[in-house]
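Colleague: Take this structure, written in structure tokens, and hold onto it; I'll ask about it next.
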Amino acid sequence: MKVSAVVVTYNRRELLEKTLAGLEAQERPLDHIVIIDNASTDDTADYLAARPFTVPHTVKRLAENTGGAGGFAAGIDLAYGLGFDAFWVMDDDSVCRPSALAPLLRDLEDAEERLGFLPSFACSLVVFQKDGSVCEMNVPETTWDWARPLALGATYPLVKSASFVSCLVTREGVHAVGLPSANFFIWYDDAEYTQRLSKFRPGIFVADSVVDHYIPQNRGVNWGDVNSSNIWKFEHGARNQIASAVAFRSPTLAASLLENMLKQWRGSGVPVRLRLRLLKSAARGLTFKVERNKPRSVR
């Protein structure tokens, strides 16, 4: 299986250095690296132009910042067009340990033989780089029958949702469901995409594939953390989750958003005016269309 990594970066050149070093150090060598520069305004472009790579690579600089969602759509599209069999997607704050790729491929191959189908994706154990604890924002969600492979002697459960911090997506999956929703810009694009993939075929979680996530603090999305500086991210998240609920015809998905909002706002001190903004953003999701474009090479 020929694998291309897909890395999306924006104004984090120092972290990008760590990400690329981790990719080049893989015990199972990568076949290619696609790097999407989301119109960075720091020295990322100069760094990438001058950097000596040890793995074949393609750098694409976008004309404008399209967010993580647009970047991953562009990157997977590019790698798909280059003919690779799987796409190892990750943000520029993800640092893969040297043995991270090999177990993902091993268990995909095992699942194809043991389960009779190739999973649409395989995701890693993501840990907080400061202390090695599980990264709260990157915990995959299991399927209702998650233990099915375990009953057959495997070590990996089935999952229906994962983050874009080390997710190996198969070519078959992309061919079946298309690209990530580029118009989401930021937040929930990975959840929507992996849920979409899992409706084709479920993914798997591979615990001995370990990736360090370089984030300031180990905390998942919490609606009680909203303030006037970060609300724009939460607005995208609210809109995108409701849009996904509509696309999946899932009242449960919409209800879970509202339940989490109300629960986490309780005693949080988030001003009423910001809560109303978030509810309005969620309402916009009712008419916001999820983009599900095919790769250009199959359109």
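The values are calculated or read from the model by the stated rules, or taken from the named source; none is laboratory data. Please read these numbers as outputs of a predicted model, since none were measured by experiment. Neighbour counts are summed over all protein chains in view; Cβ atoms, including those assigned to glycine, are modelled from backbone coordinates with ideal geometry.
Colleague: Quick check, is Leu150 part of a helix (DSSP H, G or I), hydrophobic (A, V, I, L, M, F, W, C) and crowded, with 24+ Cβ neighbours inside 10 Å? Reasoning before the result, please.
Modeller: Values: part of a helix (DSSP H, G or I): yes; hydrophobic (A, V, I, L, M, F, W, C): yes; crowded, with 24+ Cβ neighbours inside 10 Å: no.
The answer is no for Leu150.
Colleague: Consider Val134 carefully, then state whether it is touching a Phe, Trp or Tyr at 6+ places or on another chain (Cβ under 8 Å) and surrounded by fewer than 18 Cβ atoms within 10 Å (Cβ to Cβ).
Modeller: yes
Colleague: Filter segment 133-147 for residues that are outside any helix (DSSP H, G or I) and of a type outside the set (Ser, Thr, Tyr) and give the result.
Modeller: Of the residues in segment 133-147, the ones outside any helix (DSSP H, G or I) are 133-135, 139-147.
Listed by number, the residues that qualify are Val134, Cys135, Val139, Pro140, Glu141, Trp144, Asp145, Trp146, Ala147.
Colleague: With respect to the numbered conditions (1) under 18 Å from the mean Cα position of the chain (by Cα); (2) modelled with pLDDT of 95 or more; (3) of a type outside the set (Gly, Ala, Ser), which one is the sole condition not fulfilled by Leu279?
Modeller: With (1) under 18 Å from the mean Cα position of the chain (by Cα); (2) modelled with pLDDT of 95 or more; (3) of a type outside the set (Gly, Ala, Ser) applied to Leu279, the lone miss is (1).
Colleague: Working only within segment 35-64, note down all residues that are of a type in the set (S, T, N, Q) and either part of a loop (DSSP other than H, G, I, E, B) or loosely packed, with under 14 Cβ neighbours inside 10 Å (or both). Working first, answer last.
Modeller: Step one: of segment 35-64, the residues of a type in the set (S, T, N, Q) are 38, 40-41, 44, 54, 58.
Scanning segment 35-64 gives Asn38, Ser40, Thr41, Thr54.
Colleague: Let me ask something else. If I filter segment 149-202 down to residues being without any contact (Cβ under 8 Å) to a residue 60 or more places away in the chain and of a type in the set (Val, Ile, Thr), which single residue comes out as farthest from Val89 (Cα to Cα)?
Modeller: Thr155
Colleague: Can you tell me which of (1) under 17 Å from the mean Cα position of the chain (by Cα); (2) crowded, with 21+ Cβ neighbours inside 10 Å is the one Arg292 doesn't meet?
Modeller: (2)
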